[in-house]
1. Are there any pairs with C-beta distances below 8 angstrom linking a residue in region 44-57 that is under 10 Å from ALA20 (Cβ atoms) to a residue that is at pLDDT 90 or above and of a type in the set (D, E, K, R), with the two at least 6 apart or on different chains, and if so which?
2. Could you tell me which residue of region 143-191 is surrounded by the fewest Cβ atoms within 10 Å (Cβ to Cβ), considering only residues that are acidic (Asp, Glu) and within 15 Å of ILE121 (Cβ to Cβ)?
3. Within region 71-92, take every residue that is part of a loop (DSSP other than H, G, I, E, B) and out of contact with any strand residue (DSSP E or B) (no Cβ under 9 Å at 6 or more places or on another chain) and give me the one that is surrounded by the fewest Cβ atoms within 10 Å (Cβ to Cβ).
4. Out of region 192-211, which residues are hydrophobic (A, V, I, L, M, F, W, C) and surrounded by 13 or more Cβ atoms within 10 Å (Cβ to Cβ)?
5. Taking ALA20, is it within 60 Å of the chain's Cα centre (by Cα) and closer than 14 Å to SER93 by Cα?
6. For residues that are surrounded by 14 or more Cβ atoms within 10 Å (Cβ to Cβ) and either of a type in the set (D, E, K, R) or under 14 Å from TRP8 (Cβ atoms) (or both), tally how many sit in region 45-62.
7. For region 318-350, name all the residues that are under 13 Å from ARG269 (Cβ atoms) and in contact with a helix residue (DSSP H, G or I) (Cβ under 7 Å, 6 or more places away or on another chain).
8. Which ones in region 113-128 are within 27 Å of HIS155 (Cα to Cα) and not in a helix (DSSP H, G or I)?
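The values are calculated or read from the model by the stated rules, or taken from the named source; none is laboratory data. Values in this document were obtained by computation on a predicted structure and should not be read as measured data. Glycine gets a Cβ as well: all are built from the backbone with ideal geometry, and neighbour counts include every protein chain shown.
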Amino acid sequence: MKKRIICWGKDKDNNRCFFAFALQVKENRVDGQIIPADMLTQEFENLLANQWREGGDVQFPEGSQAFSTELTVSESIVPEGYVIDNPDLIKRSQSEWNFMVMSQKLADLYHQEVDDFKEKIDHLTSFESPVWESLKTFWGKVNDQIKEKNLLRGHAFELREKTNALFDQMKELRKKMDNEFRDLSEKNKAKVSEWMDEIEQKIDSGLSLQPVFNELKKIQNDLKKMDLTKGHRRKLWDRIDKAFKNVKAKRYGDKGGANGGGKSRLQNRYDGLLEVITRMERSIKRDRNDLDFQNKRINTTAGQLEAEIRKAKLQMIEERVISKENKLADMLKTKADLEQRLVREKEREAQRAAKKVEEEKIAKAKEQAEKKIAEEMNSAKDNRSEELDKLLQAADKINASRQKKEKKEEDKKQAPLTEELTITEFVSDKLEDIVDTARAVASVVGNKIEEAIDDLTSPEEE
C-alpha cells in the first residue's frame, strides 16, 4: 500500500489536469496538488511517477494548486468540482489509507504500552513474575494483531524489536534470580538428603517402622513448601517414594506392594484425560474472567478506537471460549466412554483371574489322576505277566503228556488232535480272560480318572 498516488482528471470547466495525492498518516489528512495539463511536462510527470510516489521530495511548479482534506470513510478526497479519470483508484486508495490510519493509531497505543513497560522494567532490581507475565500477555495481544494483519509490517517490526529488548532485560534479571534460586535449592536438597540418610538407616536397622513412616510423611509435606529446582525436587521425590515402598515391604511383606503395580494403558489414558479436562476448565474460566474484565472496561473506554479494539478482542475471546467448550464437551464424552470401558476391563480381569484359578485346579487334578493311573497300569501289567507265566507252564505240561503217548500210531493221529484242540481251547480261554481283564482294568482306570478329577475339583466340605 502506497501513501502517494497520481492520476489524470478534469476541472469544472472540463480542462485536463494532473492530480497528486499524499497521505499524512499521523494527521489523518490527505494533502495534494492539482497541476494544469498545459503546465505539466513529460519530464516532471516521470519525476512524480518514479521519485515522488516512492517518498522522494520534488518541487511542484508555480501555478499548481495545493489542497488539503480530512480523511474519512464516506467522503471523497477529490476536491469538489473535479472529476478523476480513474475513480476506482481513489476509492481503493481511500479505503487502504483509512486502514493505514487505524493501524497507525493502534500501533501508537501499543508503543505507549511498550514505553510504560520499559519505564517499569528499568526500575526493577530483581525479577518479578507478574511483570514478566504482563509482558507476555501484552506481546500475545500484539502478536494476535500481527497475525490478523491489523498492523502494518513496519509497525509490527518496530514493536517486535522494542518488546524483544524488554524481554532480554527481564531474562537477565531472571538469570540472576535463577542463580540465587539454584544456590538455595542446593542447600535445601542437602538438608533433605541428610534427613533421608537418617531415615534409610532406621529402615535398615529394623527399628519400629510406624515412627519412620510418620517422619517420611512430615518430610514429604516439608518438601512441598521448599524452594527447589525441578531436577532436585524430582530426585528427592523419587528417594522418598522408594523409602515409602521399603517401609511398606517390611511391614506387610509381598502384600505391601500388591496394589502398587503398573496401571493399564486404559487407566493411564483415563488419568491423563482427567488432567487435560482440569486444565481446559481452568483455561475456560480464565477466558471468562477476561471476558468479564473486558466487558467492564469497554464501558469505561475513553476513545472510539480503544472501544472498537476491545469489541474485536471480546469477539475473539468469545470465539475461543466456544471452541474450548466444544473440545471440553468431546473430552467429557470420551471420559464417560473410558469409564464404561474401565468397568468392563475390571470385569474381564476378575473373570480371567477366576478362570486362571480354575485352570490351575484342573491341571493339578489331572496331574494327580495321571499319576494314579500310571500306578494302576503298572499293577495290572504285573498281574498279566503272572497269568501268562501260568499259561506257558500249562502248555509245557500238555506237550510232555503228548510225548508219552507217541507209541501208538492210531492214537497219535487222534490224541494230538484232541490235545491240540484242548491246548487251543485252553489258550483261547486264557486269552479271552486276559482281554476281559484288560477291559475291566481300562474301565476301572477310566472311572478312577473321573473320580479323581471330581474329588480334586469339588469344593471341600466344612
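1. Partner pairs satisfying both residue conditions: TRP52/ARG4; ARG53/ARG4.
2. Only one residue tops the list, namely ASP168.
3. Ranking the qualifying residues of region 71-92, first place goes to SER74.
4. Answer for region 192-211, where residues must be hydrophobic (A, V, I, L, M, F, W, C) and surrounded by 13 or more Cβ atoms within 10 Å (Cβ to Cβ): VAL192, TRP195, MET196, ILE199, ILE203, LEU209.
5. yes
6. Residues meeting the conditions: 3.
7. Those that are under 13 Å from ARG269 (Cβ atoms) and in contact with a helix residue (DSSP H, G or I) (Cβ under 7 Å, 6 or more places away or on another chain): MET331, THR334, LYS335, LEU338, ARG341, LEU342, GLU345.
8. Of everything in region 113-128, just one residue is within 27 Å of HIS155 (Cα to Cα) and not in a helix (DSSP H, G or I), namely HIS123.
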